[in-house]
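No lab work stands behind these numbers, since they all come straight from the coordinates. Here the structure is a predicted model, which is why all the values come from computation and not from measurement. Virtual Cβ from ideal backbone geometry, glycine too; neighbours counted across all protein chains shown.
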Amino acid sequence: MLFPESYEESRARFRDDLARVQTLWRDARLHSHCVDAAEDLTIDWIAAHAARRERLVIFTTGEHGIEGYVGSAMLKIIMDEFLPRLDSTNTGLLLVHIINPWGMKHKRRTNARNVDLNRNFLYNAQPDPSLNPDYARFEKLLMPRGRVRNLTVSQLAFLARLLWRNARDGAKKIRATTLLGQYAYARGIFYGGDAIQEETRVLIGLLREWMREYAQIVHLDMHTGYGPRYQMQLVNSRFEPTASREFEKRFNYPRVSKATPNEFYEIRGDLIDFVYTLAQQEFPDKRIYSTTFEFGTLGDSTWNAVESLRIKVLENQMYWYGADDSVRAHIARDFENLYAPRDEQWRAKAIADARQAFDGILRAEGFV
């Protein structure tokens, strides 16, 4: 079964797969960093150097914890189907199981401090509360207070606030302000934290350690929730100089975007941007390709965007202020469908898209 039912099941499978990796990379080792001893939550990774340190594959999952259920499935596909195609004499591995284990276990996007880790990867800087000052104008829309007692009432209240803000500011402004990230509201969505998080520091340390050793690096990061329901898209860094259309041809893959307002949306503290910045500042001689696999779930229509925001806002309100039993399960189910769909048709298409993209990238970059 590719898609795990729990964080613990996913981690156990990953640890068991070390033996399989060692048949190809004899010196492969499993490493763990504990982020919560009471709940036995760890960041796990399998690492293996090549005799000739020419190429490196970095694979990361679960930066947004609940998205790790899909990410775990894609990691399993890479390990079972694509590692045997790599040349272990010149290709190293850094396979990171779940960056945010608390979020995966508790089925939240954030870590235990409500930090969106994909707004927390800041190069040699601390989070700046003054970034994105427009977020304050949308506080009532994005951060409603009080216990969620009636789902219909809460949904109608959200839509009323959204329509009012849309009339005043426009949909583009709301979208850009919401998704950019913010560092001032600790109970808000897309909160990037008031400091670099432990999970972030662990991954930054691994990136520095491993990127310096290899001439060419391909980094693949798994995410869900945004874009067409039945078409995964590759989302490149705003710092990637090559045009998206060129990558579509190069990888023989139908949808590639760049994290800019025109093609996707703008982010601050993004992991993929961090990889490019790290390379530019510390390893300018390296050949880098780092990208996000973004598996869309609801769809990309205007109504889908409204639904996605509504679900995120209600889930966040429920986390902080609670919800009556009659609505709690409904909100949790909507949130799971947004980030970890169980629909078999969706899963089958996600698997097919991932295989196509894995093959296209690894071929084009000369890894297979």
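Numbers below:
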item	result
Inter-label distance, nm, simple model (7 Å from Cα along the C-beta direction), Val368/Ala38	4.4
Neighbour-count ranking [beta-carbon atoms within 10 angstrom, fewest first] of Val327, Val96	Val327, Val96
Antiparallel %, DSSP beta bridges [both residues in the chain], to 5	35
Filtered trypsin sites (Lys or Arg not before Pro), the range 147-182: DSSP coil and at most 15 other beta carbons within 10 Å	Arg147, Arg149
Folded to 0 to 90 degrees: helix 325-339 orientation relative to the chain principal axis, Cα	40
Share antiparallel - DSSP beta bridges, the range 24-148, percent rounded to 5	65
Cα-Cα P(r), the range 249-333, percent of pairs per 10 Å interval	13, 29, 29, 19, 9, 1
The chain: angle of helix 68-77 to the longest principal axis, Cα-based, in degrees nearest 10	20
The chain, relative contact order [Cα under 8 Å, separation at least 6], %	20
At 1.002 mPa s and 20 °C, Stokes diffusion of the range 182-255 via Kirkwood alpha-carbon radius, µm² per second	135
Neighbour-limited loop hits for trypsin sites (Lys or Arg not before Pro), the range 192-271 (at most 14 other Cβ within 10 Å; DSSP other than H, G, I, E, B)	Arg212
Dipole magnitude of the range 220-319, debye to nearest 20 (Cβ charges: Lys/Arg +1, Asp/Glu -1, about Cα centre)	220
Cα-based radius of gyration of the range 121-238 once divided by 2.2 N^0.38 Å, which approximates compact folds	1.37
Helix axis angle, 344-364 relative to the chain longest principal axis, alpha carbon, degrees	40
Residues Ala176 and Glu248, FRET efficiency given R0 of 22 Å [Cβ-Cβ distance, rounded to 0.05]	0.30
Alpha carbon convex hull of the range 192-328, volume per residue in cubic angstrom	143
Cα convex hull volume per residue for the range 307-368 (Å³)	119
Once the Cα gyration tensor of the range 4-142 is diagonalised, semi-axes √(5λ) in Å	32, 18, 13
